[in-house]
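Data first, discussion second: the structure below is written as structure tokens.
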Amino acid sequence: MKFGVMILVIAMFLLGACSNKPSLDAINQDNNQHSSTASQLVEYKIELSEGNLVGSKDKITANKGDNVSIIVASDKAINIHLHGYDIEKHIPAHREAKIDVNANATGRFIITSHSVNDVDESVSAHEEDEAHEEHVLVTLEIYP
């Protein structure tokens, strides 16, 4: 009986050693490498003309934990809104505004513009008169 148990244990050991599956230690080491990536500063510059995006770069990307800085320049007064993070900025005509965000949530987040004629900075972009249109400028994609 002891001999049969010993044969069974040796057979299981040999089958485990010949397997193509990674060991638990290898899986844990791989997971630790992916989760310990250092955050980076990611900067983007966006230019608007008449409320429309100049150029064809309509997607910007970052990784979770990155510090993202988006500088938006506009030729006319406009409000911009980073959905999901709920950050709104007013850009005076012929000026720039900067959106700084710590990318702690993953997913796709649109940045929209809300054109304004008479800007009231005390009113949020979504409370403005419906005559002011919202335009999607770019999508911020944050990866895990």
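Looking at Gly84, is it under 14 Å from Ile142 (Cβ atoms) and part of a loop (DSSP other than H, G, I, E, B)?
yes
Quick check on the range 65-90: of everything there that is in contact with a Ser or Thr (Cβ under 9 Å, 6 or more places away or on another chain) and among the hydrophobic types (A, V, I, L, M, F, W, C), which residue is surrounded by the fewest Cβ atoms within 10 Å (Cβ to Cβ)?
Taking the range 65-90 first, the residues in contact with a Ser or Thr (Cβ under 9 Å, 6 or more places away or on another chain) are 65-67, 72, 74-83, 88.
Adding the requirement that they be among the hydrophobic types (A, V, I, L, M, F, W, C) leaves 72, 77-78, 80, 82.
On the way: Val72: 23, Ala77: 17, Ile78: 26, Ile80: 24, Leu82: 20.
Applying the filter and picking the extreme gives Ala77.
Of the residues Ala93, Ala62, Ala105, only one is under 12 Å from Leu140 (Cβ atoms), surrounded by fewer than 13 Cβ atoms within 10 Å (Cβ to Cβ) and modelled with pLDDT of 95 or more; which?
So the residue among Ala93, Ala62, Ala105 that is under 12 Å from Leu140 (Cβ atoms), surrounded by fewer than 13 Cβ atoms within 10 Å (Cβ to Cβ) and modelled with pLDDT of 95 or more is Ala105.
Go through (1) outside any strand (DSSP E or B); (2) among the small types (Gly, Ala, Ser); (3) at pLDDT 95 or above for Ser39 and report which single condition fails.
That leaves (3) as the condition not met.
Is it the case, given these coordinates, that Ile70 is β-branched (Val, Ile, Thr), at pLDDT 95 or above, part of a strand (DSSP E or B) and closer than 19 Å to Glu133 by Cβ?
Considered against the rule, which asks whether it is β-branched (Val, Ile, Thr), at pLDDT 95 or above, part of a strand (DSSP E or B) and closer than 19 Å to Glu133 by Cβ, Ile70 comes out as no.
Among the residues of the range 42-67, count how many are more than 13 Å from the chain's Cα centre (by Cα) and touching a residue at least 40 places away in the same chain (Cβ under 8 Å).
So in the range 42-67, the residues more than 13 Å from the chain's Cα centre (by Cα) come out as 45-58.
From what is left, the residues that are touching a residue at least 40 places away in the same chain (Cβ under 8 Å) are 46, 48, 51-53, 57-58.
So the count comes out to 7.
The values are calculated or read from the model by the stated rules, or taken from the named source; none is laboratory data. Just so it is clear, the model here is predicted, and its values are computed rather than measured. When we count neighbours, we look across all protein chains shown, and the Cβ atoms used for this are built from the backbone with ideal geometry, even at glycine.
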